[in-house]
Amino acid sequence: MLFPAATEKHTESGGDSRFIYGVSEMQGWRVTMEDAHATELRLDEGEDTNTFFAVYDGHGGSSVARFAGTNVHKRLVKEEAYREGNYPEALKRSFLGTDEDLLGDPSYTRDPSGCTAVAALITKDKKIFVANAGDSRTVLSVKGEVKPLSFDHKPQNETEKNRVWAAGGFIEFGRVMGNLALARALGDFEYKKDYNIPPEDQIITSNPEITQHDINDDDEFLILACDGIWDCLTSQQVVNIVRLQVSEGKELTEICENICELCLAPDTTSGAGIGCDNMTAMIVALLNGKTKEEWYAMIKERVQNHEGYATPDTLPQIYATTRLLSFKARRQAMEERDRILAERESPKIEDDRSEAFGLFSSGGISFTPGIGIYSGTPPNLMFEQDDSDEDENMGQLTEDRMLFNKIDFTADSPDVTKSLKDQLDEFERDEVDKESEGDFKMDEADDEALKEPFDSVIDLSKAEQDRAENLAQHHSPPSPSSTETQSATSTTPGATTPASKLQGEAPPPPKPLVNGNTLPEQLHSVPGGDAPHPAVEAEGLLDHSEDPLKG
């Protein structure tokens, strides 16, 4: 589920001398919007034309629903039965033909999605033909009383259940093949793979159920909606809502939005998922020769005079008051947060920002060569707005900036922009100056001592001899007298023992590896030929009769 719910609504309206309509879609708690719809006031060319309205509720993706919303009515007018005026057959062929078009398009061959479809064809001779496949629904208000023009195709229905079983399917947990909560749909080709039976008899079929109604003066409006609405409200409740709000003078688009808002669940705690689906609601007013204003006045008069079905004067409440109040509080808080973020993101012209950053600067701390950090009066540290920190304490931020502004960066502060090389050069110059002033002088004796190791020639043979003597002395145990003498020499103040002797001898080097012409010890082996080993003979393991070399 999406959090928070996407409550933005996509609404449109239209009309002519025969009909006016309004439609609204809302994504709700779902991650994606999978519904689609079609409104074609002029389905044919010419003055007298038929009109087409449809709602498509997608599942498993939105691609099939979008395809249907664009192509079903186009396929309808191409059918020969449509040109002949056989509208029920034309609607049937358009639904089944849309499946064929999907299968013929390589981009939909492996598409797992599908969609329900409910379409109302209103002809120029004032007839309504409704084709339905799935659980979307169309109802008609007849003086405020609901008249269903379609019937939901649920797996529990006896007709649907028998077809599923006959096609080799099953129903589990109220779902076809344990997956789909409806028994008819466009697409869903995973359940239409038995090519030995016709499309009408597949586990899931797009074959629509057709109903017909002749329009009369008592008919007020049509409502087409997906199951996101019908799962929350009964057909009569939706008719009551539309009738009541039309009598209050509200536009059809506003009424559609109010229905979606009323059905939206305040949270997703309901295990059944009621109110968490995509929602699409469409209202089509049947003007019957009246203007829009006259039609509104007629509905208002019927509601006030209780003509026909008695329309309640209040809206139904679907969810508990506590859940609604909690949802309202969260929603207001989120809207306020979004408003504050929008204000932060809006461009603002600030004089101090343009002064600190310059014309083409993008933010950060401003430096001035030779001075350091920008040294205005007082020096300012400027930052870009940080939108990610939504809970920033503005008061604390102001105090921090004031404290920073009190720091003087302009007096004797070191130049923070000076490179390391420049600093090293300056340090060397200072040392030279100190030496010239007599702070650092080297004695001649020290100078000679420093030069002595490099002026003398090292006698390698003498060094090797000294090394051998040291090794011999190290391996032989020292005499007590020599130990005492050495100890006395090393501990007597003012002794002239060299520093190397006072600090002890270095550890002996490792034993040199054998090299030169010396050969390492080799393995000596005397081949015995075919003679058995003495141990074998002693145990009698090898008899002469088994000798492999016997003649």
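So the values come out like this:
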{"quantity": "Nitroxide proxy distance, nm - points 7 Å out along Cα→Cβ at Lys328 and Gln236", "calculated": "2.8"}
{"quantity": "Calculated from backbone phi, Karplus (6.51, -1.76, 1.60) coupling profile of region 66-78 in Hz, x at Gly/Pro", "calculated": "5, 4, 5, x, 9, 10, 4, 5, 5, 5, 4, 6, 7"}
{"quantity": "Sites matching GluC sites (Glu not before Pro) across region 83-192 that sit in DSSP coil, with at most 14 neighbouring C-beta atoms within 10 Å", "calculated": "Glu84"}
{"quantity": "Within region 1-41: backbone nitrogen closer than 15 Å to the Thr49 label point (7 Å, Cα to C-beta)", "calculated": "14-20, 39-41"}
{"quantity": "Stretchable slack from Glu12 to Arg337, in nm (0.36 nm times residue separation minus alpha-carbon distance)", "calculated": "114.1 nm"}
{"quantity": "Distance-filtered residues of region 27-54 - backbone nitrogen under 16 Å, label point 7 angstrom along Arg83 Cα→Cβ", "calculated": "44-46"}
{"quantity": "Descending principal axes extents, region 53-183, alpha-carbon based, whole Å", "calculated": "44, 41, 26"}
{"quantity": "Region 149-214 - Debye-derived log10 I(q)/I(0), Cα point model, q = 0.14, 0.28 Å⁻¹", "calculated": "-0.38, -1.33"}
{"quantity": "Between region 236-312 and region 145-180, the Cα center-to-center distance that results, in Å", "calculated": "29"}
{"quantity": "Gyration tensor over alpha-carbon atoms, region 1-105, equivalent ellipsoid semi-axes in Å", "calculated": "29, 20, 8"}
{"quantity": "Against the rule of thumb 2.2 N^0.38 Å, how large the Cα Rg of region 17-61 comes out", "calculated": "1.53"}
{"quantity": "Per DSSP, loop trypsin sites (Lys or Arg not before Pro) in region 94-175 with at most 10 further Cβ within 10 Å", "calculated": "Arg110"}
{"quantity": "Computed lengthening from Arg42 to Glu158, 0.36 nm per intervening residue step minus Cα-Cα distance", "calculated": "37.9 nm"}
{"quantity": "Along each principal axis, Cα extent of region 165-283, largest first, Å", "calculated": "56, 44, 19"}
{"quantity": "Unit Cα scatterers, Debye sum, region 75-147: log10 I(q)/I(0) for q = 0.16 Å⁻¹", "calculated": "-0.70"}
{"quantity": "Cβ-based net charge around Asp35, under 11 Å, with every Lys or Arg adding one and every Asp or Glu removing one", "calculated": "-3"}
{"quantity": "Calculated FRET value between Ser270 and Arg175, using beta carbons and R₀ = 30 Å, to 0.05", "calculated": "0.95"}
{"quantity": "Filter on Lys126/Lys292; Lys124/Lys161; Lys154/Lys250 - keep pairs with C-alpha separation over 26 Å", "calculated": "Lys124/Lys161; Lys154/Lys250"}
{"quantity": "Mean separation of Cα contacts under 8 Å (6+ apart) over length of region 117-203, as relative contact order %", "calculated": "22"}
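FYI, it's all coordinate maths here, none of it is from the lab. The shown structure was predicted, so the numbers you read here are calculated from the model rather than taken from an experiment. With ideal geometry, Cβ positions are generated from the backbone for all residues, glycine too; neighbour counts draw on all protein chains shown.
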